[in-house]
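Q: Here it is, the structure in full.
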Amino acid sequence: MNNARRKILSCCLEMLRKAGTEEEIESAKAIIESILDEENDSRENTPESLQESDQYCKSEEASDDMESAVNALEDAISALEDNEDQSKSSIREAIEYLEGISGVH
């Protein structure tokens, strides 16, 4: 993952730490999905000779973490109306996934 995407995810992480409304959560989710698409596109264009590299593996792990974060945010949005505690728990889970990406803080 390049530094520009890491920086955007770090900003997104701050958004999630302060998020309280469905719009804020949806906005963060959309940003993560966009970065996920960019990361996947970048990895798909990696030459075969580099597909076993550490950088490639870290990219796959980052994509997995972003997918998990998106799923957690979808859960948070679903739970927002019915169960605020569950929604907050899902947001914390998404934050933990994003914090697991190297260079995102």
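The values are calculated or read from the model by the stated rules, or taken from the named source; none is laboratory data. The structure presented is a predicted model; accordingly, all values stated were derived computationally and were not measured. Note that we place each Cβ from the backbone using ideal geometry, even for glycine, and neighbour counts take in every protein chain shown.
Q: Looking at the structure I just gave you, is SER27 at pLDDT 95 or above and either closer than 30 Å to ASP82 by Cβ or in a helix (DSSP H, G or I) (or both)?
A: Here the answer is yes, as SER27 does meet what is asked.
Q: Still on this structure, please answer the following. Give me the pairs: first residue in the range 38-54 and among the aliphatic types (A, V, I, L, M), second residue in a helix (DSSP H, G or I), beta-carbon distance under 8 Å, and six or more apart or on different chains, which are they?
A: LEU50/TYR56
Q: Name the residue that is farthest from ALA69 (Cα to Cα), counting only residues in the range 12-24 that are outside any loop (DSSP other than H, G, I, E, B) and in contact (Cβ under 8 Å) with a residue 12 or more places away in the chain. Let's see the steps before the verdict.
A: Narrowing the range 12-24 to residues outside any loop (DSSP other than H, G, I, E, B): 12-18, 22-24.
Going one step further and asking which of them are in contact (Cβ under 8 Å) with a residue 12 or more places away in the chain, we end up with 12-13, 15-17, 22.
Numbers: CYS12: 11, LEU13: 10, MET15: 13, LEU16: 11, ARG17: 13, GLU22: 15 Å.
Only one residue tops the list, namely GLU22.
Q: Then there's this: Just to be sure I understand, how many residues within the range 1-52 are surrounded by 11 or more Cβ atoms within 10 Å (Cβ to Cβ), closer than 22 Å to GLU74 by Cβ and of a type in the set (S, T, N, Q)?
A: Count: 4.
Q: OK, next. Name the pairs: first residue in the range 74-88 and without any contact (Cβ under 8 Å) to a residue 12 or more places away in the chain and within 13 Å of LEU16 (Cβ to Cβ), second residue surrounded by 15 or more Cβ atoms within 10 Å (Cβ to Cβ) and of a type in the set (Phe, Trp, Tyr), Cβ to Cβ under 7 Å, at least 6 apart or on different chains?
A: none
Q: Considering SER78, SER63, SER90, SER102, which residue is among the polar types (S, T, N, Q), assigned to a helix (DSSP H, G or I) and exposed (fewer than 15 other Cβ atoms within 10 Å of the Cβ)? Walk me through how you get there before you give the answer.
A: On the way: SER63 fails: exposed (fewer than 15 other Cβ atoms within 10 Å of the Cβ); SER90 fails: exposed (fewer than 15 other Cβ atoms within 10 Å of the Cβ); SER102 fails: assigned to a helix (DSSP H, G or I).
Residue meeting the stated conditions: SER78.
Q: Moving to a separate point now. Just give me the residues in the range 55-73 being touching a residue at least 40 places away in the same chain (Cβ under 8 Å) and either touching a Pro at 6+ places or on another chain (Cβ under 9 Å) or more than 17 Å from LEU13 (Cβ to Cβ) (or both), in sequence order.
A: LYS58, SER59, listed by residue number.
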